[in-house]
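Colleague: So that we are looking at the same thing, I have put the structure below in structure tokens.
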Amino acid sequence: MPSADHLPSEKLTFQLSLRRRGISDRTVLRAMEEVPRDLFVEAHDRDAAWRDTALGIACGQTISQPFVVAYMTEQLALRSSHRVLEIGTGSGYQAAILSRLCGSVLTVERFRTLADRARQRLEQIECHNVEVMLADGLNLAAGIGPFD
């Protein structure tokens, strides 16, 4: 990973924006820096990947704006021993962020296209502690928990 001195200006602005808006947990900020958001957006939106905005992805879904991802993640106060359940994998971006902060993530997606693409992205950036499950988050099999 390049040092902060060598990050593109868009990525620096992205990090500064999170800090200015109150994100202070260093592990969350580090995860947001390490995970390449541009990999998780559609090719035609790559120029906007580091902006603090939600962007469209396949199946009529969106990748959440980075501040929302950082804020929700910070509120979880995750530990490396935690097991997390995420409902709605989408692009896989939130799961990738979570994977940097906890022991394991089970992320559930109802759209096969999104689940398959998220699996590929997560493998590409070596998120080995994330399992992507194709299922309806409202109808999960008994016994898949517990989660923290």
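The values are calculated or read from the model by the stated rules, or taken from the named source; none is laboratory data. Keep in mind that what you see is a predicted model, and the values were worked out from it rather than measured. Glycine also receives a Cβ, built like all others from the backbone with ideal geometry; neighbour counts cover every protein chain displayed. Please note that ligands, DNA and RNA were not included when accessible areas were found on the heavy atoms of the full protein model with its side chains. Shrake-Rupley method; radii C 1.70, N 1.55, O 1.52, S 1.80 Å.
Colleague: Any idea what Rg and Dmax come out to for region 56-148 if you just take the C-alpha atoms, in Å?
Modeller: Spelled out, the Cα radius of gyration and Dmax of region 56-148 are 12.5, 34 Å.
Colleague: As a check on your grasp of the helix formula, calculate [θ] at 222 nm for the chain: sum -39500 (n - 2.57) over DSSP H runs of n ≥ 4, divide by the residue count, round to the nearest 500.
Modeller: Working: 5 runs with 52 residues, N = 148.
Per the formula, -10500 deg cm²/dmol.
Colleague: Let's test the formula: R0 of 30 Å, r as the Cβ-Cβ distance of Asp136 and Thr62. What FRET efficiency results, to the nearest 0.05? Could the numbers behind the result be given before it?
Modeller: Working: r = 19 Å, r/R0 = 0.64.
Between Asp136 and Thr62 the formula returns 0.95.
Colleague: Given region 36-79, what whole percent of its Cα pairs are spread farther than 15 Å? Don't skip to the answer; put the middle values down first.
Modeller: Values: 415 of 946 pairs.
Across region 36-79, Cα pairs with separations above 15 Å total 44 percent.
Colleague: What are the extents of the Cα atoms of region 1-128 along their three principal axes, in Å, largest first?
Modeller: So the extents along the principal axes, rounded to whole Å, are 38, 37, 24.
Colleague: Skip the ligands, DNA and RNA, and give the accessible area per residue of the chain with a 1.4 Å probe, whole Å². All intermediate terms of the calculation are to be shown ahead of the outcome.
Modeller: Values: 8160 Å² over 148 residues.
In whole numbers, the chain has 55 Å² accessible per residue.
Colleague: Could you give the size of the charge dipole of the chain about its Cα centre, using +1 on the Cβ of each K and R and -1 on the Cβ of each D and E, expressed in debye and rounded to the nearest 20? Display every interim value, and only then the final one.
Modeller: Working: 17 positive and 19 negative charges, 49 e Å.
Dipole size: approximately 240 debye.
Colleague: Here's something else I'd like to know. Over region 1-80, with every protein chain in place, what whole percent of the accessible area is carbon and sulfur at 1.4 Å, could you tell me? Provide the component values of the computation, followed by the final result.
Modeller: Working: 2260 of 4650 Å².
Ligands and nucleic acids excluded, carbon and sulfur give 49 percent.
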